[in-house]
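Report on one structure; see the data block that follows.
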Amino acid sequence: MKAITKQKGLAEIERLLEKESSVFLVGCGTCATMCHTGGKDEVLEMARRLVDLGKTITGSVVIPTVCDAQDREAVSENVKAIDEADCILVMACAYGVQTLALYTDKPVYPALDTLFMGQEMSPGVFSEVCVQCGECVLGWTGGICPITACPKGLLNGPCGGAKNGKCEVSSARDCAWEVIYERLSQQGKLDNLRKRRSLRNFSASTQPGVYLLDGKDGDLK
Amino acid sequence: MNLREKLAAGRFVITCEVGPPKGVDVTEMKRSAERVRGKVDAVNVTDQQSSVMRLGSLAGCCLLNQWGMEPVFQITCRDRNRIALQSDLLSAYALGIENVLCLTGDYVTLGDHPQAKPVFDLDSVSLIETARELENGHDLAGKELNGAPRFFVGACVSPEADFIEPQIMKMEKKVEAGAQFFQTQAIYDARKFADFMSMVRHLKVPVLAGIVVLRSAAMGRYMNEKAAGIRVPENLIDEMDKASDKAAKGVEIAVRTITGVKGLCQGVHIIAIGQEKRTSDIIDAAGL
Ligand code: SF4
Ligand code: SF4
């Protein structure tokens, strides 16, 4: 699973950096590299564009994974260039932005929009697979997630909006419930769909999600 | 007699639909309702149909009540969480509205506020369950109510959906959850509708066949291409194409469909939005 990201438009980045004249750039070697939004090439390209906008680039680094403690090392290795910069522009997912911010006092700006946790299904085609609902139903839906793949997150079968197998929200996407129906039908498990599912428990996924291994997570929520 | 009593007595019922205005001028809505006064048994009020923001269905039902007509309160899960849905159900009952049609609702991006937050806390099945739960004198949290409502709970089904089996499974769940009547998506083929009715006969629940009046051949083609769960047979599209008086042809086809399904189901739900005069013509011509 990867954090799927999209680069913000240059106009928005320009607005974000309005009051900053020098910038240190951070890219990510994992998800953002796969998405072509914050790998080595994109960081170089961004540096060129920022120079065109009149900014000074004090340095850049592509951290293998920006979303973990590697940031501490990367920050100390680049301490001089970072010190010289007014701010850091992070070309990683929002997890990376927030993690990096833990290790520096410089203002940190996101260059990307984090869209979802997903997979690259085929080159350049990214698809969301799980919205972390906190009460996984894959066990009776044939391994297909209706909470994620059905825009309405329905649990009791199709809404009646599908046309020629496609979802009412986008004719580019299959109706998740028709796919689930076919899968369960192949598996001889249609009985799973006959059972009435009651109300979803949205408190299982309220923000901010906190979980402690000792089971006291409920106290924190 | 109200809708519940008429269906219980085995009367063939007719319902139709009005859409509240975008704004507060209800003159047109009143005119539409007046055209079917005395001809239909109840009038559905749509809940921000197609996710287009407009006057609410609860207010619309209240107005119908004031005008002396029986409303069916369409309520969807699109815009309200379970707290607001339960509250609106209680409000409806307190305002004298008993018929509620529980729907999932269209997705928000289909309407005129595509950036709005979609809710879908409940779905049509759990919304039915919720209405019946309130009747038992407590809310979804198990808290006791000071005075319980009593509803006549309706639901929707698409006899012409892509796959009929999941539709029927869902219909079964709706009945199990407490649905007391069904209004169907538009049907045009009485023979196929007969097959559908034989598949759901075991549910022993009144079904009102959906009749959407054709205005033109183009409308038929458009619905075949875009509208979910609607299939207009080619021969009807041909008929519309050739007819010189399209309005009269649309009425004639609707009457024929009604005649074809009359012995199969417990009523019809006629939808001719903005053309309520034709609803009334159809009712007269079908001898209902
Ligand atoms: S049911 Fe919930 S946890 Fe399971 S895949 Fe779907 S969103 Fe993720
Ligand atoms: S068409 Fe299918 S996937 Fe789309 S909202 Fe309806 S049930 Fe969900």
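The values are calculated or read from the model by the stated rules, or taken from the named source; none is laboratory data. The structure displayed is predicted, hence computed values, not measured ones. Cβ coordinates were reconstructed from backbone atoms using ideal geometry, including for glycine residues, and neighbour counts include every protein chain displayed. Heavy atoms of the whole protein, side chains included, go into the accessibility calculation; ligands, DNA and RNA do not. Shrake-Rupley method; radii C 1.70, N 1.55, O 1.52, S 1.80 Å.
Would you tally the residues in region B:206-252 being closer than 22 Å to B:Val18 by Cβ and part of a helix (DSSP H, G or I)?
5
State whether one or more residues within region B:127-136 are under 21 Å from B:Leu64 (Cβ atoms) and part of a helix (DSSP H, G or I). Steps first, please.
Step one: filter region B:127-136 for residues under 21 Å from B:Leu64 (Cβ atoms), giving B:131.
Narrowing further to those that are part of a helix (DSSP H, G or I): B:131.
Yes, the conditions are met somewhere in region B:127-136.
Take region B:85-106 and flag every residue that is open to solvent by 30 Å² or more (accessible area, probe 1.4 Å), within 14 Å of chain A (Cβ to nearest Cβ) and not acidic (Asp, Glu).
Residues of region B:85-106 open to solvent by 30 Å² or more (accessible area, probe 1.4 Å): B:87-88, B:90-91, B:93-96, B:98, B:103, B:106.
Filter once more, so that each one left must be within 14 Å of chain A (Cβ to nearest Cβ): B:103, B:106.
Selection gives B:Leu103 alone.
Restricting attention to region A:97-120, and to residues there that are of a type outside the set (A, V, I, L, M, F, W, C), under 17 Å from A:Gly38 (Cα atoms) and modelled with pLDDT of 95 or more, which single residue is farthest from the chain's Cα centre (by Cα)? Steps first, please.
Step one: of region A:97-120, the residues of a type outside the set (A, V, I, L, M, F, W, C) are A:98-99, A:103-107, A:109-110, A:113-114, A:118-120.
Still in the list and also under 17 Å from A:Gly38 (Cα atoms): A:98-99, A:109-110, A:113-114, A:118-120.
Those still in the list that are modelled with pLDDT of 95 or more too: A:98-99, A:109-110, A:113-114.
On the way: A:Gln98: 13, A:Thr99: 14, A:Tyr109: 16, A:Pro110: 13, A:Asp113: 8, A:Thr114: 4 Å.
For region A:97-120, the residue satisfying everything is A:Tyr109.
Inspect all residues belonging to region B:142-160 and state whether any of them is of a type outside the set (S, T, N, Q), open to solvent by less than 50 Å² (accessible area, probe 1.4 Å) and either assigned to a helix (DSSP H, G or I) or at the interface with chain A (Cβ under 9 Å from one of its Cβ atoms) (or both).
For region B:142-160, residues of a type outside the set (S, T, N, Q), open to solvent by less than 50 Å² (accessible area, probe 1.4 Å) and either assigned to a helix (DSSP H, G or I) or at the interface with chain A (Cβ under 9 Å from one of its Cβ atoms) (or both): present.
For B:Gly178, are the conditions met, namely being open to solvent by less than 40 Å² (accessible area, probe 1.4 Å) and within 12 Å of chain A (Cβ to nearest Cβ)? Walk me through how you get there before you give the answer.
Details: open to solvent by less than 40 Å² (accessible area, probe 1.4 Å): yes; within 12 Å of chain A (Cβ to nearest Cβ): yes.
When the stated conditions are applied, B:Gly178 passes them.
Quick one: which helices (runs of 4 or more DSSP H) lie wholly within region A:1-100 and hold at least 2 residues that are open to solvent by 30 Å² or more (accessible area, probe 1.4 Å) and closer than 14 Å to A:Ala111 by Cα? Reasoning before the result, please.
Working: elements: A:10-16, A:31-34, A:40-52, A:70-77, A:79-84.
Because the criterion is at least 2 residues that are open to solvent by 30 Å² or more (accessible area, probe 1.4 Å) and closer than 14 Å to A:Ala111 by Cα, the helices (runs of 4 or more DSSP H) in region A:1-100 that meet it are A:10-16, A:40-52.
Taking region B:126-141 as the search range and keeping residues that are touching a residue at least 12 places away in the same chain (Cβ under 8 Å) and open to solvent by 50 Å² or more (accessible area, probe 1.4 Å), which one is nearest to the other protein chains (Cβ to nearest Cβ)?
First pass over region B:126-141, keeping only residues touching a residue at least 12 places away in the same chain (Cβ under 8 Å): B:126-132, B:134-136, B:139-140.
If we keep only those that are open to solvent by 50 Å² or more (accessible area, probe 1.4 Å) too, we end up with B:132, B:136, B:140.
Numbers: B:Arg132: 12, B:Asn136: 15, B:Leu140: 7 Å.
Within region B:126-141, the match that is nearest to the other protein chains (Cβ to nearest Cβ) is B:Leu140.
Just to check your reading of the model, which residue among B:Val45, B:Val13, B:Val40 is more than 22 Å from B:Ala285 (Cα to Cα) and open to solvent by less than 70 Å² (accessible area, probe 1.4 Å)? Steps first, answer last, please.
Values: B:Val13 fails: more than 22 Å from B:Ala285 (Cα to Cα); B:Val40 fails: more than 22 Å from B:Ala285 (Cα to Cα).
Result: B:Val45 is the single residue among B:Val45, B:Val13, B:Val40 that is more than 22 Å from B:Ala285 (Cα to Cα) and open to solvent by less than 70 Å² (accessible area, probe 1.4 Å).
Quick one: how many residues across region B:109-125 are within 9 Å of chain A (Cβ to nearest Cβ) and of a type outside the set (D, E, K, R)?
Residues of region B:109-125 that are within 9 Å of chain A (Cβ to nearest Cβ), as a first pass: B:109-110, B:118, B:120-125.
Add one more test, that the residue is of a type outside the set (D, E, K, R), and what stays is B:109-110, B:118, B:120, B:122, B:124-125.
The number of residues fulfilling the criteria is 7.
I'm trying to understand the selection: among the residues of region A:131-149, which are away from ligand 2 (no atom under 16 Å from the Cβ) and in contact (Cβ under 8 Å) with a residue 60 or more places away in the chain?
A:Gln132, A:Gly134, A:Glu135 - these are the residues of region A:131-149 that are away from ligand 2 (no atom under 16 Å from the Cβ) and in contact (Cβ under 8 Å) with a residue 60 or more places away in the chain.
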